[in-house]
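Since every read-out is calculated from the coordinates, none of them should be taken as a lab result. Keep in mind the model is a prediction, meaning the values are calculated, not measured. Neighbour counts run over all protein chains shown; Cβ positions are idealised from the backbone, glycine included.
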Amino acid sequence: MKTARDIAKHVNTGGSAVEIVQEALDRIQADTSNAFRETFAESALTAAADIDRRVAAGESPGPLAGVPVAIKDNICTTEGRTSCGSKMLEDYCSPFDATVVTRLQGAGAVVVGKVNCDEFAMGSSTETCHFGPVKNPADPSRVPGGSSGGSAAAVAAGLVPVALGSDTGGSIRQPAAFCGVTGFKPSYGQVSRWGLVAFASSLDQIGPFTMDTADAALVFGVLRGGDPNDGTCDPAPAKPCQVEPTDLKGMKIGIPTQTATDGNAESVATMLEQVRQHLTEAGAELVDVDLSLLDQGISTYYVIATAEASSNLARFDGIRYGHRAEAPGAGPDELMALSRSEGFGAEVRRRILLGTYVLSAGYYDAYYNRALKIRRMIRDEYLKAFSSCDVLLSPTTPSPAFELGGITDPVEMYLCDRYTVGANIAGIPGISIPYGQDEQNLPLGLQLLAAPFADEELLNAASAIEKMRDLAGIPGAMSP
Ligand code: GLN
């Protein structure tokens with residue numbers, strides 16, 4: 001599959017966007033991964049024809065001209081449904097487009113459909129999706145990761161070169177690692193969340209899945225920039241982003257000792273050793289960094305994220321929004337309870353209960369307030385780390401993709417995000433790039449983190465490491 005920048009160049013110089021979009025629709029039709037929830041064939045082909053007309057008239061439709069993109073099912077589009085992978089919103093049609101969708105379209109991208117995710121973005125395997133699990137294109141017996149599993153699989157299977165996902169605790173980076181594609185979570189406040197169905201508002205951030213870092217930067221340049229509809233978004237005006245690989249010679253790369261442990265699968269540990277060796281050969285300066293609070297990340301995250309989720313999901317009451325139970329004669333309270341019990345799956349219910357508990361009068365200080373304090377300490381620890389290194393490097397996940405149905409214990413599932421939740425807690429940018437495969441040909445992912453709002457520096461560093469990987473002959477993106 002061609003990169004987004006190649007497609008845009010082709011279309012901007014007279015190549016047919018209709019042809020490109022039709023080919024993507026054909027590939028999606030033949031796909032068996034269940035990545036797509038629905039496609040927008042008619043509107044996508046109309047949009048593509050419009051782009052072709054504009055190019056023929058001498059206009060330039062933008063840096064993503066004719067690029068087919070997929071949108072995670074928790075990002076609002078007026079076309080089709082926005083179901084968040086839930087029975088609760090099975091038939092919900094949004095009356096507006098998310099800012100990110102409007103921006104993509106404004107840059108010439110063509111939205112070809114919505115992709116499946118864990119219910120309300122809660123999960124690490126896309127198995128909590130009401131519309132069936134998504135299969136990992138590298139091995140269909142395995143999960144694609146989650147919660148943005150459909151987005152990762154859509155790029156990895158070569159269906160589209162770009163998909164949007166959301167990342168609250170790792171939901172872009174972890175599936176990117178499992179599927180062998182690039183997944184970028186910008187700093188909190190870089191990309192507008194308006195139109196993203198909120199899971200945990202202080203942690204959520206939208207970002208792209210692509211085949212490489214240069215495409216991630218291209219899409220990021222289109223997405224970022226102030227939005228009056230999102231007060232947490234930096235008001236700086238939108239500006240394009242282009243990667244320029246940093247010189248690895250002399251670059252200070254921190255490796256958190258807590259991520260280089262016995263807890264990693266053997267293939268992950270070997271990959272990390274190999275990366276260390278390549279970086280040393282390239283002249284980078286490797287520094288061991290002590291992130292003593294890394295292991296507090298998961299518990300802090302599961303208090304804050306569930307607290308916010310319990311409040312955000314209160315709006316789905318079966319009266320104003322969402323699935324309404326058949327309950328003739330029921331009063332409003334009973335109707336609400338029944339609708340919510342029927343509409344939400346087990347994982348979402350578990351989190352609402354946990355979140356309500358940690359916010360309840362008797363436990364607020366012991367759990368929620370304490371988690372906020374630890375959150376601040378974690379952020380401070382990251383900031384301190386960035387005073388001694390340019391970026392932090394670790395495996396994205398402790399292991400490669402697991403079997404569908406392979407993890408049934410919720411806590412074991414939560415631990416998949418051990419290395420990723422820190423970036424959300426601290427609000428810093430993070431990227432996962434593919435770095436080879438294990439002996440079963442399962443992709444492995446390398447995570448890089450940088451200081452708040454050092455998103456461009458992060459992308460430049462990732463691009464340099466990607467170049468180093470390619471020179472070493474290590475496989476990159478899995479997409480055909
Ligand atoms: N896997 C994590 C969770 O289940 C992260 C999800 C996300 O980033 N949306 O909450």
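Which loop GluC sites (Glu not before Pro) in segment 57-105, with loop taken from DSSP, have no more than 16 other Cβ atoms within 10 angstrom of their Cβ? Can you show the working numbers first?
On the way: sites: 59, 79, 90; in loops: 59, 79, 90.
Counting only loop positions with at most 16 other Cβ atoms within 10 Å, the GluC sites (Glu not before Pro) in segment 57-105 are 59, 90.
Residue by residue, what Karplus-based ³J(HN,Hα) values in Hz, rounded to whole numbers, does segment 193-203 have, using 6.51, -1.76 and 1.60 with θ = phi - 60° and x for Gly and Pro?
Result, ordered by residue: 9, 5, x, 8, 5, 5, 9, 10, 4, 7, 10 Hz.
Place +1 on the Cβ of every Lys and Arg and -1 on the Cβ of every Asp and Glu in segment 243-370, take the dipole about the Cα centre, and give the residue among 352, 336, 298 whose Cα lies farthest towards its positive end.
The Cα lying farthest towards the positive end belongs to 336.
Can you check what the net charge comes to around residue 56, using other residues whose Cβ is under 15 Å from the Cβ of residue 56 (Lys, Arg +1; Asp, Glu -1)?
Numbers: positive: 53, 54; negative: 19, 50, 52, 59.
Net local charge, residue 56 excluded: -2.
Run the numbers on segment 230-356 and let me know its relative contact order in percent, using alpha-carbon pairs under 8 Å that are six or more apart. Working shown, then result.
Values: 105 pairs, mean separation 29.2, N = 127.
Normalised by residue count, the contact order of segment 230-356 is 23 percent.
With Cβ to Cβ distances under 11 Å as the rule, what net charge do the other residues near residue 121 carry (K, R +1; D, E -1)?
Details: positive: 72, 351; negative: 73, 118, 119, 167, 204, 347.
Summing Lys/Arg as +1 and Asp/Glu as -1 gives -4.
Nothing charged except the Cβ atoms of Lys and Arg (+1) and of Asp and Glu (-1): what's the magnitude of the dipole of segment 173-274 about its Cα centre? Round to the nearest 20 debye. Let's see the in-between values first.
Details: 7 positive and 11 negative charges, 44 e Å.
Its charge dipole is roughly 220 debye.
Let me check the size of the chain from its C-alpha atoms; what are the radius of gyration and Dmax in Å?
Final numbers for Rg and Dmax: 21.3, 74 Å.
Report, ordered by chain and residue number, the lysines lying within cross-link reach of residue 384, taken as a straight Cα distance under 25 Å and ignoring same-chain residues fewer than 8 apart.
Candidates past the 8-residue exclusion: 185, 249, 252, 373.
Around residue 400, with a cut-off of 12 angstrom between Cβ atoms, what is the net charge of the other residues, counting Lys and Arg +1 and Asp and Glu -1?
Surrounding charge for residue 400 is -4.
Mind checking the dipole of the chain: about its Cα centre, +1 per Lys or Arg Cβ, -1 per Asp or Glu Cβ, Debye to the nearest 20?
It comes to approximately 740 debye.
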